[in-house]
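First the structure, in the form of structure tokens, and then the observations on it.
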Amino acid sequence: MSRVVVHNFSISLDGFGTGEGLTLEAPFGHAGERLHEWMTATRFWGEMVGEQGGSTGVDDAFARRHASGVGAEIMGRGKFSPSTGAWTDLGTDDEWRGWWGLNPPFHTPVFVLTHHPRPSIEMEGGTVFHFIEATPDEALALAREAAGDLDVRIGGGVRMLRDFLAAGLVDMAHIVQVPILLGRGERLWHGLEALDERYDIEAVSSPSGVTHLTLTRRADA
């Protein structure tokens, strides 16, 4: 059976995976891009956006795992869009296609969890967004069917990832602790106090100042 994985999920020192006040112009609220500067400085990111240069050290090695062996992704509504109600509440129209342009970086089926299902959207590069109302178990069953023998990636946002961790559905999670304090927003670890009883946790420090945490579910968990 394929694994359920998390790649490159960044949090602040005080545990926030996004800031407060998300808008179309500020997808991570008052956090801005600070949570992800470690990744956008890598050579992997440069290759993704068609630029040259970037770091080739430990951050680059971890970032590259995002593109390997994944056959489907599950994401929350908050990762796809800053709106929470009807799709027209963005002030645009119901054809909002996400933050990533015409060729999103997923290249797989992506299942977006929402209380407002809508028709699927096929993008360039093999990405197809499916908008479903489902529990974590139901969403995972659909994603596994789409992924075949490949892994299913849990892409966030924070609340959705927390739900999958609490339900014991994640096999491996790569969490990046970034040396900033946000003070407010959405905290990842809330309600997950016993997580270390179910996962082996390894930490790798990077010269960039971030710490790469790898959580691997124990065989008896």
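The values are calculated or read from the model by the stated rules, or taken from the named source; none is laboratory data. On a predicted model such as this, the values are computed, not experimentally measured, just so you know. Quick reminder, even Gly has a Cβ in these numbers, built from the backbone with ideal geometry, and neighbours come from all protein chains shown.
Condition check: β-branched (Val, Ile, Thr), crowded, with 16+ Cβ neighbours inside 10 Å and not in a strand (DSSP E or B). Does Ile180 satisfy that? Yes, satisfied. Flag: Ser81 matches the condition of being in contact with a Gly (Cβ under 9 Å, 6 or more places away or on another chain), closer than 26 Å to Gly126 by Cα, at pLDDT below 90 and of a type in the set (Ser, Thr, Tyr).
Got a number for residues in region 1-35 being out of contact with any helix residue (DSSP H, G or I) (no Cβ under 9 Å at 6 or more places or on another chain) and touching a residue at least 40 places away in the same chain (Cβ under 8 Å)? Residues that pass the stated criteria total 9. So, Ser120, is that one in a loop (DSSP other than H, G, I, E, B) and either touching a Gly at 6+ places or on another chain (Cβ under 7 Å) or of a type in the set (Ser, Thr, Tyr) (or both) or not? Taking the combined requirement at face value, the residue does not satisfy it.
Of the residues making up region 190-199, none is surrounded by 12 or more Cβ atoms within 10 Å (Cβ to Cβ), of a type in the set (D, E, K, R) and closer than 27 Å to Ser81 by Cβ. Being closer than 16 Å to Val5 by Cα, part of a helix (DSSP H, G or I) and out of contact with any Asp or Glu (no Cβ under 9 Å at 6 or more places or on another chain) is a property that Asp137 has.
Hey, does region 194-206 have a residue that's at pLDDT 95 or above, part of a loop (DSSP other than H, G, I, E, B) and under 26 Å from Gly29 (Cβ atoms)? Yes; the residues of region 194-206 include at least one that is at pLDDT 95 or above, part of a loop (DSSP other than H, G, I, E, B) and under 26 Å from Gly29 (Cβ atoms).
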